[in-house]
Amino acid sequence: MHKFELFYVISQSETRNNKKKVIFIMDLTGRVIAVLPANSGVSARTGNPWMSQEYVIEVPGQYPRKCLFRIFGEDRIKQFNIQMGEDITVSFDIDAHEYQGRWFNEIRAYNVTRGVAPVPGGPMAAAPAGGTPFPPQQAAAPNDSTSPFPPAQEPAGEGSTDDLPF
């Protein structure tokens with residue numbers, strides 16, 4: 001029922017302070033397993049109040065994956081009203097920032113929909129229930145001429161005329 005669907009929906013360029021960065025927007029479908037406490041404060045730059053809240057979503061499968069994402073803005077937190085145990089699809093973008101010589105990733109959600117299956121025709125649409133989007137490959141026959149490896153050589157015996165050690 002739940003599938004990990006990560007694909008580029010749109011690629012945008014954003015210029016801020018003469019620095020250009022590319023933002024990739026993705027979707028993730030799974031179940032909310034943690035709702036963390038909301039954080040709030042007042043912006044030092046503008047003096048306006050702000051609020052953000054973080055959530056953890058789990059994408060089941062043979063090896064379940066978890067992802068922490070953030071929603072910024074009190075209006076969006078109330079609008080999405082994410083509850084523990086809900087099945088949701090989160091649309092998000094990933095960005096990194098530097099703070100005191102260290103780099104941190106930020107996964108910021110901009111849209112949440114409930115009970116939505118992966119997009120038909122998307123990269124995971126043709127995926128089998130096991131969850132891989134690639135069809136299984138068939139092993140080539142050992143004597144197949146399309147094999148990427150040369151045919152096996154028989155070892156040279158003591159009666160061989162060449163004196164190479166291999």
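Readers should treat all values here as calculations from the given coordinates under stated rules, not as data from a laboratory. The structure presented is a predicted model; accordingly, all values stated were derived computationally and were not measured. All Cβ positions, even for glycine, are placed from backbone atoms using ideal geometry, and neighbour counts span all protein chains on display.
Here are some notes:
- Only one residue of Ile82, Thr29, Ala96 has its Cα farthest out toward the positive end of the dipole of the range 11-114, where Lys and Arg carry +1 and Asp and Glu -1 on Cβ, and that residue is Ala96.
- Per-residue extension of 0.36 nm, minus the Cα-Cα distance of Asn48 and Arg108, leaves a gain of 19.6 nm for this segment.
- Residue order, fewest to most surrounding Cβ atoms within 10 angstrom, among Met26, Met84: Met84, Met26
- Under 5 Å, built H, 5+ apart or other chain: amide partners of Arg65: Val59
- Placing +1 on the Cβ of every Lys and Arg and -1 on the Cβ of every Asp and Glu, with nothing else charged, gives the range 11-114 a dipole about its Cα centre of roughly 280 debye.
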